[in-house]
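Trainee: Supplied in C-alpha cells, the structure appears directly below.
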Amino acid sequence: MSSHHREKSQEKDQPAVAFSGRPAGPADSEQTDPAGVGNSTQVSEAAGSLNEQLQKLQSEKQELTNTLVRRQADFENYRKRMEKERQQDRHRAVEGFIENLLPVLDAFDRALENADDSASAEYIKGFEMIRRQLADSMVKQGLKRIEAVGKEFNPHFHHAIERVETHAHPDGIVIAEMQPGYVFHDRVLRPAMVRVACQPEGKPASASREN
C-alpha cells in the first residue's frame, strides 16, 4: 500500500470534532446571582416608596385626630351653651310666675300685721301656715329675701322712700322696711322699699344727745 493511501486511511479513523456556529460570549460564562445583588436598587426604591406612603398615612391620621378633637370641643361648647340658655329660659318663666305671686305674699303679711286681739287664734294660725307654705315653695324655686333693716343702704338692693334725721343710727343705715325686696337666682326681682337714717344738718351728735 502506498503512503498516500495510508494517510487517507488514518484521517478516516480520527473522530470528527463538532464546532458551534455561535461564538462564545460572556453570557455563557456567567451564572444567575443567587443573592439577588442585581435587584438591590429596586428593593431600595420600593422601601423608600413604602416609607413615604407610611409617613403620608400617619400625617393624614394625625390631621383627622386633630379635626375630631376640635369637633368634640365645639360640640361640648355648643351643648353647654344650649343647656345654659334652657336654664335661663326656665328661670325667666319661673321668675315671671313668682313676680306675680309677690303681691299675694304681701297681702298675707299685711293681714297678719293688722290682726287684732279679737281675731280668732285659729284664724291667725291658719293664715301664718298658708303664708309659710307659699314662701317656702317660692324659696325652693330660687327666691331669696333681701336683708334690709340694720344694713347699709345699697342702691342695687334698696329703694329709699324716706330719709329720717336721727342720731340713733349711723348715716346711711336702713332703719325700717316698708316693703320687702327679693332676689331670684342672684337677680334683683324687686328692691326693698326702706327708710334710711341721716344725720341732722347743723347739729353735732354730741350736742343733740345732751339736749
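Trainee: Evaluate the Kirkwood expression for the hydrodynamic radius of the stretch 49-141, namely the inverse of the mean inverse distance over all pairs of different C-alpha atoms, and round to one decimal in Å.
Mentor: Result for the stretch 49-141, one decimal place: 18.9 Å.
Trainee: Gain in length, Leu50 to Lys140, computed as 0.36 nm per residue apart minus the alpha-carbon separation, to one decimal in nm?
Mentor: 25.6 nm
Trainee: Could you tell me the calculated FRET efficiency between Ala176 and Gln72, based on Cβ-Cβ distance and R0 = 41 angstrom, to the nearest 0.05?
Mentor: 0.10
Trainee: I need the peptides 75-84, 104-113 ranked by packing, meaning the mean over residues of other C-beta atoms within 10 angstrom, with the highest value on top.
Mentor: Sorting 75-84, 104-113 by mean packing, highest first, produces 104-113, 75-84.
Trainee: Let me ask something else about it. With θ set to phi - 60° and the Karplus curve 6.51 cos²θ - 1.76 cosθ + 1.60, what are the ³J(HN,Hα) couplings of the stretch 48-58 in order, to the nearest whole Hz, using x for Gly and Pro?
Mentor: Per residue, the Karplus-derived 3J(HN,Hα) values read x, 5, 5, 5, 5, 5, 4, 5, 5, 5, 5 Hz.
Trainee: Report the relative contact order of the stretch 101-205, percent, no decimals, based on alpha-carbon pairs under 8 angstrom and at least 6 residues apart.
Mentor: The value is 25 percent.
Trainee: While we're here: What is the calculated FRET efficiency for Leu101 to Arg163, with r their C-beta to C-beta distance and R₀ = 35 Å, to the nearest 0.05?
Mentor: The pair Leu101/Arg163 has a calculated efficiency of 0.65.
Trainee: Just going by the charge dipole of the stretch 40-87, with Lys and Arg at +1 and Asp and Glu at -1 on Cβ, which of Ser40, Leu68, Met82 is farthest out on the positive end?
Mentor: Of the options given, the answer is Met82.
Trainee: Now, a different point. Less than 13 Å Cβ to Cβ from Asp74, Lys/Arg counted +1 and Asp/Glu -1: what total charge do the surrounding residues give?
Mentor: Result for the local shell: +4.
Trainee: Can I ask one more? Can you compute the modelled spin-label distance between Lys80 and Asn114, with each label point 7 Å from Cα toward Cβ, in nm?
Mentor: 5.2 nm
Trainee: Of Lys84/Lys140; Lys125/Lys151; Lys61/Lys84, which sit over 28 Å apart, Cα to Cα?
Mentor: Lys125/Lys151; Lys61/Lys84
Trainee: Sticking with this one: Just to confirm my numbers, what's the Cα centroid distance between the stretch 62-130 and the stretch 159-181 in Å?
Mentor: The two parts, judged by their Cα centres, are 29 Å apart.
No lab work stands behind these numbers, since they all come straight from the coordinates. The structure presented is a predicted model; accordingly, all values stated were derived computationally and were not measured. So basically every Cβ, Gly included, is an ideal-geometry build from the backbone, and we count neighbours across all protein chains shown.
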